[in-house]
Structure formats: structure tokens, C-alpha cells
Amino acid sequence: MYSPMDYIYEIYKEQSFTKAAKKLFVSQPALSASVKRTEEQLGAALFDRHTAPVTLTEAGRAYIEAAEQIYAIQSGLKERIDDINGLRTGKITAGGTNFISQCVMPEILKGFTARFPGIAVDLVESSSETLKQLALAGEIDVVIDYDFDAALFEVAPIREERIYLSAAKGSPQAEKFAKYVLGAEEIKRGKEWSAPALDASLLGGENFILLKKGNDMRERASLIFHEAGVRPRTALCMDQLMTSYALSCKGLGMAFVPDTLIRSAPLENAVYFRLPSLHARRTLAAARKKNRYASKALLQFLLTAAESFAPQ
């Protein structure tokens, strides 16, 4: 059963009385009448109905701010009640990029759901920046990613990653840098030292498949190139790490890939090169908004995440 506050908040989100009515399964006249009653009680209009889409008045903005505070209190109460139930029921919302969702989350969820089958885990997949903003807004409980602002997030390290370059077997890069080539099995067994590191200063004439700006892997690639005094030739620029990896194995250029991906989803036609730069290391972590209440279920999820990738 929806409250008048729910009606108003849905109109705010949809920026339309008609769309909100459809989402709430009520008639538009009934929705409008409910809002009108609330406005009369408050003595102020909440929406400017003469704009398209509808916009909030100054009083409306104050109302929405208060509503979000009430929703946050209600959510916190529900989490505390779930704790009382001894983790028999509850829900966690976890966020990750496409790569994290495919290569990291399954391992965490396997252990967590086995221990706490009554706790539902909702997964949100988006870009790193969007996920962090959702966490700060209180819409996501935990984000699995890299490079968090410690002033805003409580950060729990999961594992240290090493970043490699990938290329296709038989490609010009694989032949040119043959003495540096590593296979997936060598990396998975911790034998990456069996081949020398490939210094980025040797890569000036090579084609690269890079991720778009704003991605942590793209920023690290830029630092590696800058450190080596190299201006990369960008053959392709992609949104997703998984795509750049797959395209590199088709011989379209070299791509930067983390060992987490190599260990969990190695591609048959790939070879790899170890990089000596300190920028080729990063920390995979789970993070939650600082000073936000952490339910027992969330703390157990964080513990499971760390245990899932602990050294054997």
C-alpha cells in the first residue's frame, strides 16, 4: 500500500503525473487528488504543473529532501530488524562493473549464499563512477571496485591484482616480444617470473585497445605510458574490459588485463606480458559509504569477499 509520500516521490522521479500513476497502478485523477490534499495540508504547491516535464517548487524540493531522510531511516530500521532475525532474512544490494559481475561476484556469491541462503543479494551493474555515486546516495550497500576515496568510503581490501598486457597467439606482438611471453597457466600457478618483464618503453609502435577515459584501467595505462615516455597508438577505444580483452585475442592490438580476469576466464588464443611498472598493481576492494549503518548481513558479505580471494 502506497502512502501520499510515495506518490509524491514517484512523481518527482518520473517527472510526470501520468508515468507515476502507471508505475503505482493508480488512476491519474486519484494520484492528483492525493497530491492536492497534501499540498493543502502543507499550504504550498509541491510541483510546477505548467512545465513539461513537471518540476519541483522550492517547497517541493524541501519535501523531497525530507522524504529521502525518512526513507533512509526506514531502511536503517529494516536492516536492524533483519539483524534481530539472526540473518534468517534480509537483503544486500551489491554493485560491480561488467568485469566484476562476471569474474569476481560469482566467487563471492557462491560462498555467501551457501552460508546465508535466506539473505537475498541484488546485483547492480554499471560504470565505476555511477556505482560509487549510488553508494553515496544510499542506494547500494557495497561496491566491488578499485580506487575509492577513503574520506567517503569504508574500504576493505579483497586482493592485490597484477595488470598484464594481452595479445593474440601468432600476432606480430607475440612474435616480436617472444622472449617475454607468458601463458595463462604460468600466471595462475604463480610462475609469472619464468619470463622477463616487458618494459613499456619498447611499445611505442604497437597498436593498443584501450578503455575510455574515466576507467581505472585507462588511467593506469596512461600512467604506464607516461612513465615510459611512450605515446600509444590507439587502435580501438572500448567501454568494457571484457571486450578489449577479447579483441586483443583476435589480433587487433594489445590490451591491459588484470590477473583476476586471466585466472577466471582465460581465452584460448591469448598470450600475456608482465609489466615492471608499479602502476601495474592495484587493489580490488569492497567499499561502503562511510558512517552508514552496516548490517550483520553486509559485514558477513564483506568477510566472505575477503575469504573468497585469500591466498591458498
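Which angle between 0 and 90 degrees, to the nearest 10, do you get for helix 58-84 versus the longest principal axis of the chain when only C-alpha atoms count?
Computed tilt is about 70 degrees.
Which one, A221, A20, A287, has the greatest fluctuation when you compute a Gaussian network model over the chain with C-alpha springs under 10 angstrom?
Checking each option, the largest mean-square fluctuation is seen for A20.
On the first, second and third principal axes, largest extent first, how far apart are the outermost C-alpha atoms of region 4-80 in Å?
Here the Cα extents, ordered largest to smallest, are 41, 27, 21 Å.
With N set to the number of residues, divide the alpha-carbon radius of gyration of region 160-282 by 2.2 N^0.38 Å and report two decimals.
So region 160-282 has a normalised radius of gyration of 0.93.
Can you tell me how much longer the chain between Q133 and A120 gets when fully stretched, taken as 0.36 nm per residue apart minus their C-alpha distance, in nm with one decimal?
Extending this stretch completely gives an extra 2.4 nm.
Grab the DSSP H runs of the chain that are 4 residues or longer, score each as -39,500 (n - 2.57), total them, divide by all residues and round the 222 nm result to the nearest 500 deg cm²/dmol.
-13000 deg cm²/dmol, from helical runs alone.
Give me the Å³ per residue figure for the convex hull around the C-alpha atoms of the chain.
For the chain, the hull spanned by Cα atoms encloses 173 Å³ per residue.
To test your reading of the geometry: what angle, between 0 and 90 degrees and rounded to tens, separates the Cα axis of helix 296-308 from the longest principal axis of the chain?
10 degrees
What is the angle, in °, between the Cα long axis of helix 28-42 and the longest principal axis of the Cα atoms in the chain? Nearest 10 is fine, range 0 to 90.
70 degrees
With r defined as the distance between the Cβ atoms of L24 and D83 and R0 fixed at 30 Å, what FRET efficiency is calculated, to the nearest 0.05?
Rounded to the nearest 0.05, the efficiency is 0.45.
Given H placed 1.01 Å from N in the peptide plane, which residues other than close sequence neighbours of I92 have an amide H under 5 Å from its amide H?
Placed amide hydrogens put A120, V121, D122 under 5 Å from I92.
Could you give the length gained on full extension between I70 and E186, defined as 0.36 nm per residue of separation minus the Cα-Cα distance, in nm?
Result: 36.4 nm gained on full extension.
Each reported figure results from applying straightforward, stated rules to the coordinates on display, with no laboratory input. The structure presented is a predicted model; accordingly, all values stated were derived computationally and were not measured. Neighbour counts run over all protein chains shown; Cβ positions are idealised from the backbone, glycine included.
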